[in-house]
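Have a look at the structure below before the remarks.
The values are calculated or read from the model by the stated rules, or taken from the named source; none is laboratory data. All figures in this text were calculated on a predicted structure; none of them were measured in a lab. Here the Cβ is made from the backbone with ideal geometry for all residues, glycine too, and neighbour counts use every protein chain on show.
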Amino acid sequence: MERVEVVVVGAGPTGLTLGCALRQAGIDVLVVDGAAEGANTSRAAVVHARTLEVLEQLDVTPRLLAEGCVVPVFTVRTGRRVLARIDFGGLPTPYPFTLMLPQSRTEALLSGRLTELGGQVHRRCSVTAVRAGADGAEVSMTGPDGQSQQVRARYVVGADGMHSTVRGAAGIGFTGGRYPQSFVLADVRLDWSLPSDEVQLFLAPAGLAVVAPLPGGHHRVVATADTAPDHADQPYLQMLLDHRGPGRAQVREVLWYSRFRVHHRVADTYRVGPLLLAGDAAHVAEPSVRHHPGLGGVGVERCRQRLLGLHRGHVQPVQPVRIQAGRG
Ligand SMILES: Cc1cc2nc3c(=O)[nH]c(=O)nc-3n(C[C@H](O)[C@H](O)[C@H](O)COP(=O)(O)OP(=O)(O)OC[C@H]3O[C@@H](n4cnc5c(N)ncnc54)[C@H](O)[C@@H]3O)c2cc1C
């Protein structure tokens, strides 16, 4: 049976970041993901200052900055009228702004860095069971050829998203609920006269709308909706901005659309014996309170520090529990 120090289950932004951090620290890590390829869609787009500080250590931040839009100001408006203007310029960080970059690009840059560090994502490897034992854990997975494989690891990190198999295997509860509204999420080509270095939040009787710049002159539109439609076309987005935006905004093209519901859940604990959780597997929240939508941000950093501490023997492993797995 193959043996490694750490298995990271999931190669979303969380698993990729951890993979880079552990490779950089010289730790033997196996990153596996059930999907044949990375999700190549826009999704979470805001990268906050603390995330840029964390990723600086992995030499990823300059690459994100080279591609993303630097947005130093957050403005709250009703129509064109400014209600509040928040300037991040005074924050005590080398990155006093939010950076706008589609998640697909963040993942591509992290994946490239992992390759540079000598790592790789083993794709089409779906973890089906995790058993914690006296000196680590045994991970069962179905490989690309459909054959079952076993790997032993001292630690297993569940970076496998909200429906985490590892969390289920560890028997960790995921307490919380779901907000009633759904959200419309779209990347559009937009003509309007408002500043391009601001995130604009519009308050309107019909609901909230946020418009933020993206690379390539595109804009991200996020809006609350009682029931977001399956598909949103140009007339729908135009109607939304006409009702909630500053007026005289023209939606030219819808480049990508999705709708989502926001959960607020947190794992009852982030670690049981050799099993750890990070990213959405550990906590999901409303985007504005995340350290990095889609990256688990500071949570990844805590997990990294904890693993490095365990690896160096600075932290005494708690008594492992033996649990039979199942998909979460
Ligand atoms: C359409 C859409 C829009 C979104 N928009 C926003 C947004 O605007 N703002 C925001 O904050 N967040 C948004 N999100 C959420 C954001 O994308 C997630 O928070 C983020 O991807 C979480 O990263 P992660 O690495 O923790 O988990 P994920 O990105 O979910 O990655 C988990 C990975 O684990 C793999 N995996 C799962 N189970 C197994 C298994 N058993 N074996 C092997 N691999 C497994 C999956 O294939 C996946 O690649 C959006 C999500 C979607 C789908």
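What the table below lists for this structure:
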read-out: Flag for D33 being within 14 Å of the ligand (Cβ to nearest atom) and acidic (D, E); value: yes
read-out: Test: residue in the range 74-88 that is hydrophobic (A, V, I, L, M, F, W, C), under 20 Å from P13 (Cβ atoms) and buried (at least 16 other Cβ atoms within 10 Å of the Cβ); value: no
read-out: Whichever residue in the range 237-266 is among the hydrophobic types (A, V, I, L, M, F, W, C) and within 16 Å of the chain's Cα centre (by Cα) and, among such residues, is farthest from the ligand (Cβ to nearest atom); value: V266
read-out: Residue in the range 37-49 that is surrounded by 16 or more Cβ atoms within 10 Å (Cβ to Cβ), hydroxyl-bearing (S, T, Y) and either in the same structural domain as A249 (by TED's automatic domain parsing) or touching a Leu at 6+ places or on another chain (Cβ under 7 Å) (or both) present; value: no
read-out: Top-ranked residue of the range 80-107 - restricted to ones that are charged (D, E, K, R) and assigned to a strand (DSSP E or B), ranked as farthest from L52 (Cα to Cα); value: R81
read-out: Residue check for R81: in contact (Cβ under 8 Å) with a residue 12 or more places away in the chain and of a type in the set (D, E, K, R); value: no
read-out: Selection within the range 216-267 - acidic (D, E) and either in contact (Cβ under 8 Å) with a residue 40 or more places away in the chain or under 28 Å from L83 (Cβ atoms) (or both); value: D226, D242, E253
read-out: Residues (under 14 Å from L18 (Cα atoms), of a type in the set (A, V, I, L, M, F, W, C) and either at pLDDT 95 or above or not in a helix (DSSP H, G or I) (or both)) located in the range 283-313; value: L295
read-out: Identity of the residue in the range 102-134, more than 30 Å from G216 (Cα to Cα) and polar (S, T, N, Q), that ends up nearest to the ligand (Cβ to nearest atom); value: S126
read-out: Unique match (being away from the ligand (no atom under 12 Å from the Cβ) and hydroxyl-bearing (S, T, Y)) among T51, T61, T41; value: T61
read-out: Filter result for V82 (touching a Phe, Trp or Tyr at 6+ places or on another chain (Cβ under 8 Å), among the β-branched types (V, I, T) and more than 11 Å from the ligand (Cβ to nearest atom)); value: no
read-out: The lone exception for V184 - which of (1) farther than 21 Å from V47 by Cα; (2) at pLDDT below 95; (3) of a type in the set (A, V, I, L, M) it fails; value: (1)
read-out: Filter result (under 20 Å from the mean Cα position of the chain (by Cα), assigned to a strand (DSSP E or B) and polar (S, T, N, Q)) within the range 108-135; value: S126
read-out: Meets criteria (out of contact with any Pro (no Cβ under 8 Å at 6 or more places or on another chain) and within 15 Å of the ligand (Cβ to nearest atom)) for G158; value: yes
read-out: Residue in the range 136-152 that is of a type in the set (A, V, I, L, M, F, W, C), within 12 Å of the ligand (Cβ to nearest atom) and not in a strand (DSSP E or B) present; value: no
read-out: Candidate set from the range 206-228 (those that are at pLDDT below 95, out of contact with any His (no Cβ under 8 Å at 6 or more places or on another chain) and in a loop (DSSP other than H, G, I, E, B)); member that is surrounded by the most Cβ atoms within 10 Å (Cβ to Cβ); value: A228
read-out: Unmet criterion (only one of (1) assigned by TED's automatic domain parsing to the domain that holds M141; (2) touching a residue at least 40 places away in the same chain (Cβ under 8 Å)) for T93; value: (1)
